[in-house]
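None of the figures in this text is laboratory data; all of them are computed from the coordinates on show. Since the model is a prediction, treat every value here as computed from it, not as a measurement. Ideal geometry is used to build each Cβ from the backbone, glycine not excepted, and the neighbour counts take in all protein chains shown.
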Amino acid sequence: MDHAAILSRLEQVIAARRGGDPDASYVARLHAKGLGKIAQKVGEEATETVIAALTGDAAELTGEAADLLFHLLVLLGARDVPIGAVLAELARREGMSGIDEKASRSA
C-alpha cells in the first residue's frame with residue numbers, strides 16, 4: 001500500500017472541497033471559518049491524540065491520529081503547502097539523528 005499516495009489523494013479531495021458549499025462539506029465549512037479555526041481544530045485533534053495515546057487503546061489512538069492527519073492536511077492546504085513538501089522534508093531528515101536535526105535548525 002502506497003501511503004504517500006493515500007495522503008496525496010486526500011489532499012486532492014480536500015482541495016476540491018475547499019471552496020464548496022459549507023452546508024454540504026465539512027472542509028468548506030472549516031475554510032469559511034478561516035485559518036484560525038482550522039488551526040484550532042488541528043490543536044484540538046492533537047490534544048485528543050495525546051489523550052488517546054495516554055488513556056485509550058490502539059484503535060482509539062489510530063482514529064484520533066487519522067483525525068489529526070486529516071485536519072493537518074486541511075491546514076496545509078489553507079496555507080498552500082503541499083503534503084509533498086512535508087514528505088520531502090521528512091526524506092531530507094531521514095538518517096539524521098533527531099538531536100543533530102534539531103541542532104541544525106537553531107544554528
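Set the Förster radius R0 to 30 Å, insert the Cβ-Cβ distance between ALA15 and ALA46 as r into 1/(1 + (r/R0)^6), and round the FRET efficiency to 0.05.
After rounding to 0.05, the efficiency reads 0.85.
Counting alpha carbon pairs within less than 8 Å and at least 6 residues apart, what relative contact order, in whole percent, applies to the chain?
Contact order relative to length: 26 percent.
Using all C-alpha to C-alpha distances in the chain, build P(r) with 10 Å bins and read off the rounded percent in each one.
P(r) for the chain, in whole percents per bin: 14, 34, 38, 13, 1.
Roughly how many debye, to the nearest 20, is the charge dipole of the chain about its Cα centre, given +1 on each Lys and Arg Cβ, -1 on each Asp and Glu Cβ, and no other charges?
It comes to approximately 480 debye.
With the chain treated as a Gaussian network of Cα nodes joined by springs under 10 Å, which of LEU72, LEU90, LEU30 yields the largest mean-square fluctuation?
LEU90
Report the trypsin sites (Lys or Arg not before Pro) located in the stretch 32-104 that are in a DSSP loop and have at most 11 other Cβ atoms inside 10 Å of their Cβ, or state none.
ARG79
In a shell of Cβ-Cβ distance under 9 Å around GLY77, excluding GLY77 itself, what net charge do Lys and Arg (+1) and Asp and Glu (-1) give?
In short, 0.
Pick out which of ALA88, ALA52, ALA66 has the largest mean-square fluctuation in a Gaussian network model of the chain, springs linking Cα atoms closer than 10 Å.
ALA88
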